[in-house]
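As structure tokens, the structure follows; a few thoughts come after it.
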Amino acid sequence: MKILPNILSIFRILLVPVFILVYFSDMDDTNFYAVLVYALATLSDFFDGFLARRFKASSNLGKILDPLGDKLMTVSVMACITIDKVIPIWAVIVAVVKELLMGTGGIILYKITHAEIPPSNLIGKTSTVVFFLVCVALMLFRDIPSGAATAMISAAIVLMLLALASYINTYFTVMKNREK
């Protein structure tokens with residue numbers, strides 16, 4: 001049972017190219033099927049975290065695979081809907097920069113302190129849910145006006161940035177406590 005969360009994280013990473021291929025395929029109801037792949041990836045994220053906590057199956061590999069899968073899927077979804085001209089390019093750029101900052105901060109924190117990487121908090125979890133719902137709506141309802149689509153993704157990005165601010169606060173708290 002201890003390896004199952006890592007298997008789910010690997011599965012989620014493997015779903016990234018599947019999502020991209022389905023999103024840009026010529027089949028009928030392609031957006032619906034892309035949303036199904038995205039939902040499956042999101043469910044695997046929920047279950048790998050649940051199983052890791054429930055069975056105390058957290059591992060160093062899992063601490064790399066889980067956020068890697070999340071970041072790859074997030075950026076892929078945003079890139080696809082940006083390429084499809086649903087949202088402006090600045091949105092994907094902000095999301096990529098945010099993910100790079102969080103990833104870099106996590107690596108630095110671990111290298112310097114060897115401390116456990118703090119788990120995501122309520123702001124981060126809320127941001128993830130809102131981002132998922134906004135992207136699903138933008139994929140399923142293609143007739144959403146451009147201004148409304150931009151407002152929706154902007155709200156999701158504001159929450160992402162609040163999660164980043166919370167992460168930065170945690171980063172500095174851990175670094176400050178290390179100095180004591």
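Here, each number is a calculation from the coordinates, and none is a lab measurement. Every value quoted in this text rests on a predicted model; they were computed, and no experiment measured them. Backbone-built Cβ (ideal geometry, glycine too); neighbour counts: all protein chains shown.
Things to note:
- Directionally averaged shadow of the stretch 75-176, computed from the convex hull of its alpha-carbon atoms, nm²: 6.3
- Only one residue of Leu159, Ser25, Gly49 has its Cα farthest out toward the positive end of the dipole of the chain, where Lys and Arg carry +1 and Asp and Glu -1 on Cβ, and that residue is Gly49.
- From most to least packed by mean Cβ count within 10 Å, the peptides 69-82, 19-32, 131-144, 150-163 give 69-82, 150-163, 131-144, 19-32.
- Here the stretch 5-39 is scanned for amide nitrogen atoms under 19 Å from the site 7 Å beyond the Cα of Ile144 along Cα-to-Cβ, giving 20, 23-24, 29-39.
- Electrostatic dipole magnitude of the chain [Cβ: Lys, Arg +1; Asp, Glu -1; Cα centre; debye, to 20]: 900
- Positive-end ranking of Pro67, Leu36, Pro145 along the dipole of the stretch 4-179, with charges on Cβ about the Cα centre, is headed by Pro67.
- Distribution of pairwise C-alpha distances over the chain, 5 Å bins, in %: 1, 8, 16, 19, 20, 16, 10, 6, 3, 1, 0, 0, 0
- Taken over the chain, lysine pairs spaced eight or more positions apart, or on distinct chains, with alpha carbons under 24 Å apart number 22.
- Pair Ile83, Leu122: separation of 7 Å Cα→Cβ label points (nm): 3.8
- Against the chain, whose longest principal axis is taken from its Cα atoms, helix 122-140 shows a tilt of about 20°.
- Amide H contacts under 5 Å for Ser120, placed H, 5+ residues apart: none
- Cα centroid separation, the stretch 109-177 to the stretch 9-70 (Å): 17
- With the convex hull of its Cα atoms as the shape, the stretch 1-66 has an orientation-averaged projected area of 4.2 nm².
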